[in-house]
Amino acid sequence: ELRAAAPAAEVRTIPLYTSPAAAGFAAPVFGEDYELIQVSGDVPPGAELAVCIQGDSMSPVIKDGSVVYVNHDPLHNGDVGIFCVDGDMVCKQYYRDPLGMVYLFSLNRRRSDADVLLPPSSGRSLTCFGRVMLHGLPLPQ
């Protein structure tokens, strides 16, 4: 009896940024400090980069010291993203209200002190580096 061999998991290479993104208080901005890592089947197929997380404000969903996989899909309310706020990297849940106010929430509500609020007139800089590849999460009430 002849059986086809199971297809081998595709191995690809993505950058793992060595500067952590803070899940708590902000970490320094991404630089050119990354290493290329090989990833296979356990990493989501659309992952374009990987980021180390530092801090507990995204626990228990994203634990301190874990690595998250990020893509460049459009960000929608409720998505978790990797952001640069005034030069500091953070991992937070995104929400933008109809008036243009941006809220970056900690999933660990005991760490709401690490939330970031950005009114449209604040003059602060906000860049999104990508969407963390998680299933949909409810926004804080």
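The values are calculated or read from the model by the stated rules, or taken from the named source; none is laboratory data. Bear in mind the structure is a predicted one, so any value in this text is a computation, not a measurement. A quick note on method: Cβ atoms are made from the backbone with ideal geometry, for glycine too, and the neighbour counts reach across all protein chains shown. Accessible surface is based on the protein model in full, side chains and every heavy atom, while ligands, DNA and RNA are left aside. Shrake-Rupley method; radii C 1.70, N 1.55, O 1.52, S 1.80 Å.
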Quiz prompt | Whole-percent carbon and sulfur share, accessible surface of segment 27-110, 1.4 Å | solution = 53
Self-check item: Cα centroid of segment 74-141 to Cα centroid of segment 35-71, whole Å
Solution: 17
Quiz item: Label LEU139 and TYR34 with points 7 Å out from Cα along Cα→Cβ: what is the distance between them in nm?
Solution: 2.9
Quiz item: For a label point 7 angstrom out from the Cα of ARG124 toward its Cβ, which stretches of segment 75-91 have the backbone nitrogen within less than 14 Å?
Solution: 83-91
